[in-house]
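What follows is a single structure, written as structure tokens, with notes after it.
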Amino acid sequence: MTPMRAMVIDDSRAMRMILKRIVTKLNFEAVEAGDGKEALDLLADMTEVPDLALIDWNMPNMNGLEFVTKVRADPRLREMTLVMVTTESEQSQIVRALAAGAHEYVIKPFTEGAMIEKLALLGLVPTGANS
Amino acid sequence: MSVEVEVDESDLAEMVEQVWESYLDPEGVSPLIPTYDENQASEVHSSVSITGSWSGHVVYASSTAAARRAAAAFLAMELEEVSEEDISDTLGELANIVGGNVKAMLPPGAQLSLPQVVLAPESTARYPNAARISGVYGLWEGEPVSISMWQISSETKEDGA
């Protein structure tokens, strides 16, 4: 069975490491990008689109909201599940992200359990992956 | 124009508790023990600036040992594996997380800067026209850690504008 793939997009290397650790535990293959532009460049070179992207909001070069908007406008990337992972916790920001096409929204700080729960709700946690 | 902020010590303490629960002490065995000493020493610090509906800074400061321990917990590493870059990244993210949550409690229109990390004591930091308005000060496994908020005086800003 082909493993699922996740893209972790955050300008903080520390946060990328945390997210990568979680998705790897769930048997995803993970790739990292430091901002939205780098993520789009990586996606352009990929033959297989990742199943999941975990996206920070505030990043240099291209922020998470712009990234979500661009992904949603690209039919090749339409199957990718987009989860914002950010300190932006105002209701208005959550609404903006979901309206732009994000599927879920996780506010930092988050526990590993809370993140796994969100991914499970999206049907992205394989059976037995978190045992 | 900057408004009076309504984020107080108990709000900061709640954010700190969430950070500890999420990243620094998920097992719940090493909480931050309050000292209420706003003059406690630090060796490293990180900060984010907030502008817009409120202007000021959110500062995370600690000893180097506490910063190393934070990086080890954050990045799931052994203490001896932690590099200066790991410490710097972790301090930046901690300031970003606390600052982002402070911003969420402010009136709409606030903007958060990218974090700045300085591997030097908080006492070396210069925040022009800013005064500390609240903070959480404590010991984490015997090492000092603090999270504080500094507000830029709107009167001074307007006078200088």
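Collect the residues in the range B:131-147 that are within 16 Å of B:A67 (Cβ to Cβ) and not aromatic (F, W, Y), keeping them in residue-number order.
If we filter the range B:131-147 for residues that are within 16 Å of B:A67 (Cβ to Cβ), which is where we start, we get B:137-147.
If the condition is that a residue be within 16 Å of B:A67 (Cβ to Cβ) and not aromatic (F, W, Y), then B:G138, B:L139, B:E141, B:G142, B:E143, B:P144, B:V145, B:S146, B:I147 are the ones that fit.
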**OP:** May I ask you to list the residues in the range B:47-62 that are within 19 Å of B:A104 (Cβ to Cβ) and among the small types (G, A, S)?
**Re:** B:S47, B:S49, B:G52, B:S53, B:S55, B:G56
Subject >> The lone exception for A:G113 - which of (1) without any contact (Cβ under 8 Å) to a residue 24 or more places away in the chain; (2) in a helix (DSSP H, G or I); (3) within 29 Å of B:A110 (Cβ to Cβ); (4) within 14 Å of another protein chain (Cβ to nearest Cβ) it fails >> reply: (3)
Original post:
How many of the residues in the range B:93-118 are basic (K, R) and assigned to a loop (DSSP other than H, G, I, E, B)?
Top reply: 0
Subject >> Hits in the range B:114-139 (condition: touching a residue at least 12 places away in the same chain (Cβ under 8 Å) and of a type in the set (K, R)) >> reply: B:R132
**OP:** Collect the residues in the range A:69-110 that are without any contact (Cβ under 8 Å) to a residue 40 or more places away in the chain and among the small types (G, A, S), keeping them in residue-number order.
**Re:** A:A73, A:S89, A:S92, A:A99, A:A100, A:G101
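Would a scan of the range B:76-84 turn up a residue that is in a helix (DSSP H, G or I) and either crowded, with 16+ Cβ neighbours inside 10 Å or of a type in the set (S, T, N, Q) (or both)?
Let us first name the residues in the range B:76-84 that are in a helix (DSSP H, G or I), namely B:79-81, B:84.
With either crowded, with 16+ Cβ neighbours inside 10 Å or of a type in the set (S, T, N, Q) (or both) added as a condition, the list becomes none.
No; the residues of the range B:76-84 include none that is in a helix (DSSP H, G or I) and either crowded, with 16+ Cβ neighbours inside 10 Å or of a type in the set (S, T, N, Q) (or both).
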**OP:** Please indicate, with yes or no, whether at least one residue in the range A:17-26 is within 21 Å of A:L98 (Cβ to Cβ) and in contact with a strand residue (DSSP E or B) (Cβ under 8 Å, 6 or more places away or on another chain).
**Re:** yes
Original post:
Does the range A:15-37 contain at least one residue that is at pLDDT below 95, over 21 Å from A:G113 (Cα atoms) and buried (at least 21 other Cβ atoms within 10 Å of the Cβ)?
Top reply: no
Subject >> Breaking point among (1) more than 14 Å from the chain's Cα centre (by Cα); (2) in a strand (DSSP E or B), for A:V106 >> reply: (1)
**OP:** Sort out which residues of the range B:46-69 are within 13 Å of the chain's Cα centre (by Cα) and part of a helix (DSSP H, G or I), and write them in order of number.
**Re:** B:A67
**OP:** With respect to B:V19, determine if the residue is surrounded by 13 or more Cβ atoms within 10 Å (Cβ to Cβ), assigned to a loop (DSSP other than H, G, I, E, B) and modelled with pLDDT under 95.
**Re:** no
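The values are calculated or read from the model by the stated rules, or taken from the named source; none is laboratory data. Bear in mind that the values here come from a model prediction, so they are computed numbers and not experimental data. As a convention, Cβ positions derive from the backbone with ideal geometry for all residues, glycine included, and neighbour counts pool all protein chains shown.
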